[in-house]
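Quick notes on the structure that follows.
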Amino acid sequence: AQKVTQAQTEISVVEKEDVTLDCVYETRDTTYYLFWYKQPPSGELVFLIRRNSFDEQNEISGRYSWNFQKSTSSFNFTITASQVVDSAVYFCALKETSGSRLTFGEGTQLTVNP
Amino acid sequence: DTGVSQDPRHKITKRGQNVTFRCDPISEHNRLYWYRQTLGQGPEFLTYFQNEAQLEKSRLLSDRFSAERPKGSFSTLEIQRTEQGDSAMYLCASSLGGVAQPQHFGDGTRLSIL
C-alpha cells in the first residue's frame with residue numbers, strides 16, 4: 001500500500017532564511033506521481049507542483065525548488081529566502097497510476113517569522 | 001475560471017442529525033473527489049466520480065455516508081445519523097481526465113457535531 005511520510009511536524013524560521021521540507025514515500029507501482037500542496041490558514045489546498053516518477057530532473061520555480069530522488073524515495077521541497085506569506089501547512093501527496101486517490105502525508109506546519 | 005465551490009463553509013449540528021454538503025467542480029472537469037481532513041492530519045480519500053459514475057469508495061465511507069453526482073456536474077455528500085467522530089473538514093476536489101492531472105480543491109465544509 002502507498003504511504004507518504006513527512007517527518008517534520010513543525011518548522012519555524014526567520015524571514016529570508018532558506019527552508020527544506022522533507023517528504024518520503026512508499027509505493028509498489030513503478031509509475032506514479034508526486035505532488036506538493038500548500039494549505040494557508042484560510043484552509044484551501046493550493047496545488048504547487050506535480051512530478052512524474054520517470055522524470056528525475058529537479059525543478060525550480062521562482063523561490064521554490066524541488067529535489068526528486070527515486071533512489072531514496074524522496075521528494076523534498078525548498079523555499080529560498082522565505083517570506084511571512086509562506087507560512088502555511090505543506091502537504092506532500094502520492095498518486096499511483098493504478099488508482100485515482102491522492103495519498104497525503106501528515107503535513108509540515110511552516111511558520112516564517114518577521 | 002472559477003474554482004471548486006463548496007457549500008456550506010461551516011455546519012454545526014447535533015449528534016444524530018443528517019447533513020448534506022454540496023460541491024460544484026471546475027466546469028470542464030469530469031472527475032470529482034471527496035476527502036476528509038481532521039485536525040493536524042492530511043486529507044483522507046473518501047470517494048471518486050468520473051462524470052456521474054462513482055468509481056471508487058474508501059473503506060472510510062461507512063454505510064451512513066452517501067455521495068451522488070447525478071448529472072455529472074455538482075456532487076452532494078450526505079451523512080446520516082451523525083456521530084462525534086464525523087467532525088472534520090470535508091474537502092471536494094476536481095480534475096480533468098488523465099492519471100497525471102492535478103486535483104484542485106475547494107475551501108471545504110467544516111462539520112462540527114455537538
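Report the residue count in region A:1-55 for those that are part of a loop (DSSP other than H, G, I, E, B), facing another protein chain (nearest Cβ under 9 Å) and of a type in the set (A, V, I, L, M, F, W, C). First the steps, then the outcome.
Just the residues of region A:1-55 that are part of a loop (DSSP other than H, G, I, E, B), to begin with: A:1-2, A:6-9, A:15-18, A:22-23, A:27-31, A:40-45, A:53-55.
With facing another protein chain (nearest Cβ under 9 Å) added as a condition, the list becomes A:6, A:9, A:31, A:42-45.
With the extra rule that they be of a type in the set (A, V, I, L, M, F, W, C), the set shrinks to A:45.
Residues that pass the stated criteria total 1.
All conditions in (1) within 14 Å of chain A (Cβ to nearest Cβ); (2) in a strand (DSSP E or B); (3) of a type outside the set (A, V, I, L, M); (4) more than 16 Å from A:GLY99 (Cβ to Cβ) hold for B:SER66, with the sole exception of (1).
In this structure, is A:LYS95 part of a strand (DSSP E or B) and among the charged types (D, E, K, R)?
Details: part of a strand (DSSP E or B): yes; among the charged types (D, E, K, R): yes.
Yes, satisfied.
Within region A:73-87, count every residue that is buried (at least 20 other Cβ atoms within 10 Å of the Cβ) and of a type in the set (A, V, I, L, M).
1
Taking the conditions exactly as written (surrounded by fewer than 20 Cβ atoms within 10 Å (Cβ to Cβ) and touching a residue at least 12 places away in the same chain (Cβ under 8 Å)), does B:THR47 satisfy them or not? Criteria not met by B:THR47. Scanning region B:50-92 for residues that are exposed (fewer than 15 other Cβ atoms within 10 Å of the Cβ), charged (D, E, K, R) and touching a residue at least 24 places away in the same chain (Cβ under 8 Å) yields B:GLU78, B:ARG81, B:GLU83. Residues in region B:69-114 that are away from every other protein chain (no Cβ under 11 Å), modelled with pLDDT under 90 and more than 18 Å from B:LEU46 (Cα to Cα): B:LYS71 only.
The values are calculated or read from the model by the stated rules, or taken from the named source; none is laboratory data. In this text the structure is predicted, and so the values were computed from the model without any measurement. Quick reminder, even Gly has a Cβ in these numbers, built from the backbone with ideal geometry, and neighbours come from all protein chains shown.
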